[in-house]
Amino acid sequence: MGAESVGTLVATDLTVGGMTCAACVRRVEKKLGKLDGVTATVNLATGRARVSHPAEISPADLVAAVEKAGYTAALPEPPKKQKREDDAEGEGARQERDRLVITALLALPVLVLSMVPGLQFRNWQWLCFMLAAPVAVWGALPFHLRAVRGLRHSAATMDTLVSLGVVASFSWSVYALLLGGAGEPGMRMPFTLVPSASDGAAHIYLEAAVGVPLFVLAGRFLEARARRGTGAALRSLAQLAAKEVSVREDGTERLLPIEQLGAGQVFVVRPGERVATDGEVVEGTSAVDLSLVTGESEPVEVGAGSAVVGGAVNTGGLLLVRATAVGADTQLARITRLVTEAQAGKARAQRLADSVAGVFVPVVLALAVTALGFWLGAGADPQAAVTACVAVLVVACPCALGLATPTALMAATGRGAQLGVLVSGPQALEGLQHIDAVVLDKTGTLTSGRMSVARVTAVPGGLGKEAALRLAGAVERGSEHPLGRAIAAYAGRAAQGQPTPDVTGFGATPGQGVRGRVEGRLVEVLVPDDDLPAVLADAMSRAEAAAHTPVLVRVDGVAEALIEVGDVVRPGSYRAVDRLRRLGVRPVLATGDREAPARAVASGLGIDEVRARCTPEGKAGLVRELQEQGYRVAVIGDGVNDAAALAGADLGIAMGSGTDVAIGAADVTLVRGDIEALADAVRLARRTLGTIRSNLVWAFGYNAVTVPLAMVGLLNPMLAAAAMSASSLLVVGNSLRLRAWQPSSARRRTR
């Protein structure tokens, strides 16, 4: 991502290598934090650091600071080089897999012979020694190297514990074989889950020397695969971007790399292809599938003048699109950037866990030495003392502490992006979880923000609704008035592909309406007068109550229908408000519109509290008023006039169809412009924070139980290694469940 200005500071992303646990995260953050004016947030799951620093401190200085801590660091590769970075990552994964496979082939015979006394033949222990030596040295080499690197920088991490455990168990086994009598040809060794004193020859612990690296390597391999799964949604967003685009110039087409496409150029989108970038349709009609970009479930019809989003799939006819935004300015790029930045944050509970992890490894080392000294001082068998010490080293697991938040956050933000909900980070999730009042804008949020036909009422025994609408739409096709365009568009959709009749003698009277001859009839679309049939008079009263604009259709001088035009309520707004109320959230409607339309919308949606003719300052004041009453307030808006209220609220929520100012001031963005997604966002936030809490409870609880068991000699080192690996896998697996989370409405549809 490079660097970007943030006030007087600069924000830079770094890719950090060599981190294996929460202690590593804490060390990197502390090392960066020692630079003047620098703060850093490091994510173990993504291997990324988000650093805020003064402009005079260069990225090279940040990289040097990380390297001084014993880790590698680099600026992220630009998009063109991303493939090489992915290839390098894949090569590293293959090397780890190969190391795991070879370690398993060498270790399994040792484990079987050590755990099944009936299979122990003459000199079996020497075969086990020859198989175990490569595992203890080469199989565990990554742990040894990272432990030595940490030692050079006076740091202790998870690798230090694993390396010491392998070295201690293997060294004791060498001593037992060479000097302790365990090398006798006919030696037999029973296997017990609880360490026991020897009855003559010293026991060997080759099964621990091979079991610890085997289980830890296997656990980290599976954990890495699972962690890649939590970021699958983000990678799928990145893959939506087109690589090439077919540009049309002077009647000819040529294929260009997407990087060479400029704003204003016209490109071709054929059926089945993705839209290369954000643009406006200049020719053609089709339906585009936005499900992968905004979470919109139904294809959207587009034609000349319609806006389209890069990454959407063209499901119908050929389209010519003029590019309006390219590169980092596209909606897809903004979505990807927001999700990436959200995953760099930390929940408050995770900061506590990281603080604990900073002293975790030194404390474990002290406990291991204490256990060894206690057992030796109490006169216990030396091998039992060594076993307890090794078990303490191996069973302790700061990895689970470091993975508790980032894996859940990666899965949740990715799933939210798929559903059309973008959160700016864990603070936004925490805010979503706790809101109990929401201030809703009307125009563009609860309503569509554009004029459309709300209702058509026809005179009984006349031409009928369809015929009157068809004639009115034909006349209004020549009008430039917003009301006329709304009627013409509605009539065109109602015609379902039938041709619009021609108009002759078209004329417009300012302030009154339009008229023209259609199929030999005089058609007038006018402001209604007082002389109306009873049914149309009643319809006019309803229109005025709903704050709609009534338009009369007269054919050959006879009143035939009344068309109500207004800003219609968005589909799903009623369900959204109802679901928010069920979640314990108090809805308040605040709008700059007049009292009548505001009350009409509120009444239809079941909102009791309305603030009409509300200025931007008034909306911000309303937020402060609710906060003073003890409410945690969210604001939903889409315009510049909502920016102050969005910024002052406990949580700002912007409609994805709104202005950049509103989106920039918000903590959450509803990409597809569907307010019903807000209830989904609240429920997803509550599920995510619950998952993070359960992860941290497990991570703390696991260590609180297993470390004391190991200290009192009730845990075999090999089982300790398996338990340590399982603890990290459980945390990651629990987070992965968020990838399958479904909104309640989606669950109802699948029943």
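With respect to the conditions (1) assigned to a helix (DSSP H, G or I); (2) modelled with pLDDT under 85; (3) surrounded by 15 or more Cβ atoms within 10 Å (Cβ to Cβ); (4) of a type in the set (A, V, I, L, M), Ala93 lacks only one, and its number is (3). Evaluation of Val551 against the conditions (1) of a type in the set (Val, Ile, Thr); (2) more than 23 Å from Arg683 (Cα to Cα); (3) under 31 Å from the mean Cα position of the chain (by Cα) shows that the sole unmet condition is (3). The condition (being at pLDDT below 90 and either closer than 23 Å to Glu476 by Cβ or assigned to a strand (DSSP E or B) (or both)) is satisfied by just one residue among Pro550, Pro587: Pro550. Restricted to the stretch 363-482, the set of helices (runs of 4 or more DSSP H) holding at least 2 residues that are surrounded by fewer than 24 Cβ atoms within 10 Å (Cβ to Cβ) and under 28 Å from the mean Cα position of the chain (by Cα) comprises 399-418, 426-434. Only one of the numbered conditions (1) at pLDDT 70 or above; (2) over 15 Å from Val671 (Cβ atoms) is violated by Val300, and that is (2).
Checking Ala576, Ala600 one by one, the residue that is buried (at least 17 other Cβ atoms within 10 Å of the Cβ) and either at pLDDT 85 or above or outside any helix (DSSP H, G or I) (or both) is Ala576 and no other.
Take the conditions (1) farther than 30 Å from Glu466 by Cα; (2) touching a strand residue (DSSP E or B) at 6+ places or on another chain (Cβ under 8 Å); (3) touching a residue at least 60 places away in the same chain (Cβ under 8 Å); (4) not in a helix (DSSP H, G or I); Ile563 misses just one of them, which is (1). Would you check which residues across the stretch 47-64 are crowded, with 22+ Cβ neighbours inside 10 Å and either within 18 Å of Ala155 (Cβ to Cβ) or out of contact with any strand residue (DSSP E or B) (no Cβ under 7 Å at 6 or more places or on another chain) (or both) and list them? Listed by number, the list holds a single entry, Ala49.
The values are calculated or read from the model by the stated rules, or taken from the named source; none is laboratory data. What you are looking at is a predicted structure, and each value in this text was computed from that prediction instead of being measured. Reconstructed Cβ throughout: ideal geometry from the backbone, glycine too, with neighbour counts over all protein chains shown.
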